[in-house]
Every structure is written in structure tokens, then in C-alpha cells.
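Participant: This is the structure I want to talk about, given as C-alpha cells.
The values are calculated or read from the model by the stated rules, or taken from the named source; none is laboratory data. Keep in mind it's a predicted model, so treat the numbers as computed, not measured. Every residue, glycine among them, receives a Cβ derived from its backbone with ideal geometry; neighbour counts consider all protein chains shown.
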Amino acid sequence: MLVRQEYVGEVTIDLPAGFSVPFVLHGQSFSTESATCFVVKDAGDDPDVTNGTEVHATISTTPPVLLLNEMEGAVVIEGGVGIGKVTKPGLAVHPGEWAINPVPRRMIKDAVRPVFSSLISHPSAIHVVISIPDGEERAKKTLNSRLGIIGGLSILGTTGIVRPVSAKAWTDTIDAALDVARACGCTTVVLSTGRSSEIAAQSFWEGKGCGQMVLNTDLSLPEEAYIMMGDHVGYALQACQKRGFNQPVIACQFAKMLKIACGHHNTHAADSQLDLVVLKKWAESAQISPELLEIISRANTAREIAVATAFDKTVVGLVANRVRLAAAGHAPGIKAEPLLCGYDGTVIT
């Protein structure tokens with residue numbers, strides 16, 4: 001629109017995945033100095049906080065100069081309203097830069113340069129500003145602040161394609177969080193299966209300084225050390241191993257702890273009833289008391305066992321030992337330490 005000075009209703013974008021896709025434009029406006037429009041993100045079936053987001057782009061140019069300089073023909077990409085800035089090391093872009101990753105940056109440059117190449121008089125610089133009007137508010141529902149992305153959302157992507165209900169967005173976040181933890185000098189990390197367990201672990205370390213009971217580390221851990229792994233325990237442990245975090249803590253409640261002990265790579269789809277059968281076999285082999293064995297035998301859920309036994313040390317210890325073995329099975333050399341969190345926001349052991 002800026003070059004041709006005419007309305008454009010749709011554009012075709014070349015995706016890194018190797019094919020092109022048309023996009024309908026909205027909010028078009030242009031003058032001789034700049035042009036702007038936006039697209040609406042459709043995440044399809046993916047449960048994405050950015051679904052329905054308006055992603056705006058504004059392009060302007062710096063007039064040609066008589067003498068060539070290092071800015072001649074450059075594409076300068078900046079963030080506007082709702083785009084975060086990176087404040088911590090370890091991410092794909094450096095601290096102080098806009099949170100627009102390398103692949104989207106390359107896509108922007110590859111899309112913009114050919115349009116201006118047809119001009120006889122080239123601008124010395126092409127300025128591209130990406131913005132998301134409600135990006136700062138949406139970012140509050142993400143882990144951006146934990147990763148050091150402040151003030152809005154980040155522009156990510158490697159293929160340009162959303163995989164419906166895929167795990168990749170989560171595992172990418174695990175990787176990014178671990179990279180930040182390593183860059184910030186963390187010596188260990190706490191992997192949590194959910195926010196309740198994470199809060200319990202944070203209180204455990206920051207409250208009475210009893211974290212040394214679990215791991216020989218500082219009495220407090222920085223924010224970057226806490227990694228929300230969700231159900232992706234196998235992936236998280238392997239990612240820890242690759243980065244040298246060989247003694248991670250696994251913070252979880254009893255039901256998830258049992259699933260991890262049973263060796264599930266992902267704890268979401270595992271059959272809870274089968275887990276109880278396995279626990280009973282372990283209990284029988286360990287020759288625990290008939291009273292505890294009876295509770296396990298008639299229980300319908302793992303939580304029922306935890307509550308009915310008042311988190312009995314024998315039962316918890318049995319499961320915890322299996323967690324250590326399972327973790328080493330996912331990632332050889334890993335010496336994980338389970339941190340059992342109660343249902344009241346406290347740490348059991």
C-alpha cells in the first residue's frame with residue numbers, strides 16, 4: 001500500500017514450512033509516509049491465549065540520502081504497543097531487544113525487501129513496527145514475565161503453522177525457561193506439574209529455609225529456577241540433562257507423583273486405575289503393614305490413598321524411590337529429588 005499508494009485487501013505470505021498462505025487484511029490506512037493494517041490470529045483448535053489477537057504492522061521509510069551509509073537498504077524491526085522486551089539472558093534475542101524472534105524477523109525482511117526493490121529511488125531504511133493493542137493484558141496469562149519478557153507478548157514461531165492441541169508450545173516454553181535459568185546462573189531447577197505445587201515449593205524454600213532438607217543448595221532459589229513442566233515430565237528431564245541440570249527437584253502432588261513413579265513420559269493420558277494396581281504390587285513387595293495395604297487395595301484414587309494414610313512416610317517413601325528410578329530412566333545420569341506437595345499449599349516431604 002505504501003509503495004503503490006492503493007488499497008490492498010489480502011496478501012500472500014511465504015511460510016518457513018515451505019508453502020504460502022493468503023491472509024485477509026483489516027484496518028488498512030496509508031499515506032505517502034507510512035501504511036498500516038492488521039491481521040487476526042486464528043489458533044484453530046489450539047488452546048492459545050493469543051487466539052483472536054490483532055497483530056498490527058506499520059511501515060514507514062527514511063528518505064534516500066546522498067551519501068551511502070550502513071543503514072542504506074536496512075529493514076529496521078521494532079515493537080510497538082503490546083510487544084514485550086527481553087530483560088533476561090538465555091532467549092533467542094538478547095536483553096534489551098524487542099521480543100521478536102529470529103524466524104519472524106527473517107520473514108518480515110524477506111516479505112518487505114522485494115516490494116521496495118522495484119523502486120528507482122531506494123529508501124535508506126525501511127521501518128517496521130509490530131504491535132498488539134491488548135498484548136500487555138494477554139501477556140499476564142502467560143509465563144512471559146518469568147522468562148524476562150516484560151510489557152507484552154512475544155512474536156515467536158519456526159514454521160508459521162499452528163499444530164492443533166499440540167505439546168510443542170509447552171515444550172518450547174520449557175526449553176526457553178531452562179535456557180533462561182542457565183543463563184541467569186541457576187545451579188538447579190524445580191520442575192513443577194502445576195501452579196499449586198510451584199507455589200508450595202516457592203513457599204518451602206523462601207519461608208523457613210528448609211530447602212536444604214531436599215537438596216544441598218542455597219536457602220532460597222531465584223524465580224528463574226522454577227520451571228512449569230505440566231505433564232511433560234519425560235521431556236523436561238531430558239531437557240534438564242542437555243543443559244547440565246542433573247539434580248532437578250520435581251514438585252508435585254501425590255497423584256502426579258505416582259504417575260511419574262510409574263514411568264509415564266507424559267502424565268496426562270496415563271490410566272489412574274493401572275497406577276493404583278502398580279502401587280499395590282510395590283506395597284506387597286515391600287511388605288508394608290496390612291492396614292496400609294488394605295487402604296491401597298480399596299482406594300479409587302491416588303489422592304484417596306494420600307488422605308486416608310495421612311501421607312504415611314512408608315507409602316510416600318515407596319513412591320518417591322520409584323520417582324528417582326523413573327527419572328533416571330527418562331534421562332540417564334539424572335538424580336531427581338521428589339518434593340511432595342499437599343493439597344493445602346504446603347510441602348509434605
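Participant: Do we have Thr173 as buried (at least 18 other Cβ atoms within 10 Å of the Cβ), in contact (Cβ under 8 Å) with a residue 12 or more places away in the chain, in contact with a Leu (Cβ under 8 Å, 6 or more places away or on another chain) and closer than 18 Å to Asp48 by Cβ here?
Facilitator: Yes, satisfied.
Participant: Conditions: (1) part of a helix (DSSP H, G or I); (2) at pLDDT below 95; (3) more than 21 Å from Thr87 (Cα to Cα); (4) under 16 Å from the mean Cα position of the chain (by Cα). Gln238 meets all but one. Number of the miss?
Facilitator: (2)
Participant: In the set Pro123, Pro133, which member is surrounded by fewer than 17 Cβ atoms within 10 Å (Cβ to Cβ) and in a loop (DSSP other than H, G, I, E, B)?
Facilitator: Step by step, each of Pro123, Pro133 is checked, and only Pro133 is surrounded by fewer than 17 Cβ atoms within 10 Å (Cβ to Cβ) and in a loop (DSSP other than H, G, I, E, B).
Table: residues versus (1) polar (S, T, N, Q); (2) under 19 Å from Lys109 (Cβ atoms).
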| residue | (1), (2) |
| --- | --- |
| Gly18 | no, yes |
| Thr36 | yes, yes |
| Asp42 | no, no |
| Val49 | no, no |
| Glu54 | no, no |
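Participant: With Val277, Val307, Val316 as the choices, which residue is in the same structural domain as Glu198 (by TED's automatic domain parsing), part of a helix (DSSP H, G or I) and touching a strand residue (DSSP E or B) at 6+ places or on another chain (Cβ under 9 Å)?
Facilitator: Val316 is the lone residue from the list that is in the same structural domain as Glu198 (by TED's automatic domain parsing), part of a helix (DSSP H, G or I) and touching a strand residue (DSSP E or B) at 6+ places or on another chain (Cβ under 9 Å).
Participant: Related question: Going by what's in this entry, would Arg113 be described as in a helix (DSSP H, G or I), charged (D, E, K, R), surrounded by fewer than 18 Cβ atoms within 10 Å (Cβ to Cβ) and under 30 Å from the mean Cα position of the chain (by Cα)?
Facilitator: no
Participant: Still on this model: Are there any pairs, at least 6 apart or on different chains, whose C-beta atoms fall under 8 Å, with the first in the range 243-272 and free of Cβ contacts under 8 Å to residues at least 60 places away in the same chain and closer than 19 Å to Ala167 by Cβ and the second surrounded by 24 or more Cβ atoms within 10 Å (Cβ to Cβ) and of a type in the set (D, E, K, R), and if so, which?
Facilitator: Listed by first residue and then by second, the contacts come to Ala270/Lys259.
Participant: A further question follows. How about the range 321-349: which of its residues are in contact with a Ser or Thr (Cβ under 9 Å, 6 or more places away or on another chain) and either within 17 Å of Lys280 (Cβ to Cβ) or in a loop (DSSP other than H, G, I, E, B) (or both)?
Facilitator: Within the range 321-349, Tyr343, Gly345, Thr346 meet the criteria.
Participant: Right, Ala17: more than 24 Å from Asp134 (Cα to Cα), of a type in the set (Gly, Ala, Ser) and in a loop (DSSP other than H, G, I, E, B) or not?
Facilitator: Yes: the conditions hold for Ala17.
Participant: Go through the range 248-274 and give me each residue that's in contact with a strand residue (DSSP E or B) (Cβ under 7 Å, 6 or more places away or on another chain) and assigned to a loop (DSSP other than H, G, I, E, B).
Facilitator: Result: Pro248, Gln253.
Participant: Another question about this same structure. When the residues of the range 282-306 are narrowed to those that are free of Cβ contacts under 8 Å to residues at least 24 places away in the same chain and closer than 17 Å to Met257 by Cβ, which ends up surrounded by the fewest Cβ atoms within 10 Å (Cβ to Cβ)?
Facilitator: Glu304
Participant: Something else: On the basis of being surrounded by fewer than 16 Cβ atoms within 10 Å (Cβ to Cβ), in contact with a His (Cβ under 8 Å, 6 or more places away or on another chain) and at negative phi, does Asn266 make the cut?
Facilitator: Yes, satisfied.
Participant: Being basic (Lys, Arg) and at pLDDT 95 or above is true for just one of Arg243, Arg303, Arg298. Which residue is that?
Facilitator: Arg243
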